[in-house]
């Protein structure tokens, strides 16, 4: 059996006629930049996130960068973030001229450890970037208290967590700004790049809207150095078709996760550590990530059996060669380093079939002699 990590073809077939119709409408309108589709998506995503503003940008990486700039983070500032994340999180900090300070993670959720955050605060610390990894929010309630105590801002990297909640609070409600990615593989994915900043802060919304258009307001008058980073009208049209299905797809992902957890625990017991959903959290399972010994060998075996898997992420940011100047060394953040050797993400998408999941688990069991 072939089990892909992600298969978008079935989703597309179900939406095909509607997608082609809206794309034709955009083409016919000849309005390709910051048109009605972008405005509608910004309003809908802001409402969905229970915040006042949504600002569409070119991609999720730009969203973090622009949010930091709008909040005044720059040279001489330190920004505390997790080491166990995609490069864009750390890259955005450096691009605004600030210094990333990497801290360790909670071994159960893979998310940033608030205790380590508070320990890392110095007089130069200006911001915290928690990453809601794999679709589960970090401990935002604790982080918000830490930020308030030390007069810091929070930018949530929610690239993988649109729709996630914590004790009824949405992404963006407990921070200065939150950022989404609409990369095609995301729970709400475009047919190319796209991103958005959501915020309750009127000043941040105003500044991000200016920064994304070369820092101009009015047009051709530039008071800040901005970027050309606008959510494309064609991508927004596609996302507007997909958005009404997001909650249903999220529930399907949760069902697939429950099936995986039941099968794995029943079949493999202590051999595999399954994901933990913290009390009060609503996990949207962008990824279903297990922890195993002999991870690399297991991945190779599964690939040979037709099962695609992914490793998110094989090398924490504090050990990346580009950040060598920061002075971190192997062993500094041991929980993340251990996770980098054990984490394996299994196939996960709303259309995943139960028989495919059963096959995946059977092959994992076969590898471990179960």
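Readers should treat all values here as calculations from the given coordinates under stated rules, not as data from a laboratory. Treat the numbers as computed from the prediction; the structure is a model and nothing was measured. Every residue, glycine among them, receives a Cβ derived from its backbone with ideal geometry; neighbour counts consider all protein chains shown.
As a rough guide to protection, the peptides 16-24, 148-156 ranked by mean Cβ packing within 10 Å, highest first, stand as 148-156, 16-24.
Values (i) 134; (ii) 180; (iii) 232 are given for comparison; volume of the Cα convex hull per residue in Å³, derived from the coordinates here, is the one labelled (i). In the chain, the DSSP beta bridges split such that about 60 percent are antiparallel, to the nearest 5. Measuring nothing but alpha carbons in the range 45-186 and taking Rh as the Kirkwood radius, the Rg to Rh ratio lands at 0.92.
Between residue 311 and residue 10, full extension at 0.36 nm per residue minus the direct alpha carbon distance yields a gain of 105.9 nm.
Annotation for the range 312-370 versus the range 94-111: alpha-carbon center distance of 17 Å.
Using just its DSSP H runs of length 4 or more, each adding -39500 (n - 2.57), the chain gives a mean residue ellipticity at 222 nm of -12500 deg cm²/dmol after division by all residues. Taking a ≥ b ≥ c as the square roots of the eigenvalues of the alpha-carbon gyration tensor, the range 1-48 is classed oblate because a/c is 1.5 or more while a/b is no larger than b/c. Take the Cα of residue 332, step 7 Å toward its Cβ, do the same at residue 279, and the gap between the two points is 3.5 nm. Here residue 358 and residue 119 are evaluated by their C-beta separation; at R0 = 35 Å the FRET efficiency comes out at 0.20.
Each of residue 39 and residue 220 was given a label point 7 Å from its Cα along the Cα-to-Cβ line. The distance between the two points is 2.3 nm. Ranked by the mean number of other Cβ atoms within 10 Å of their residues, highest first, the peptides 360-367, 137-144 fall in the order 137-144, 360-367. From most to least packed by mean Cβ count within 10 Å, the peptides 87-95, 43-51 give 87-95, 43-51.
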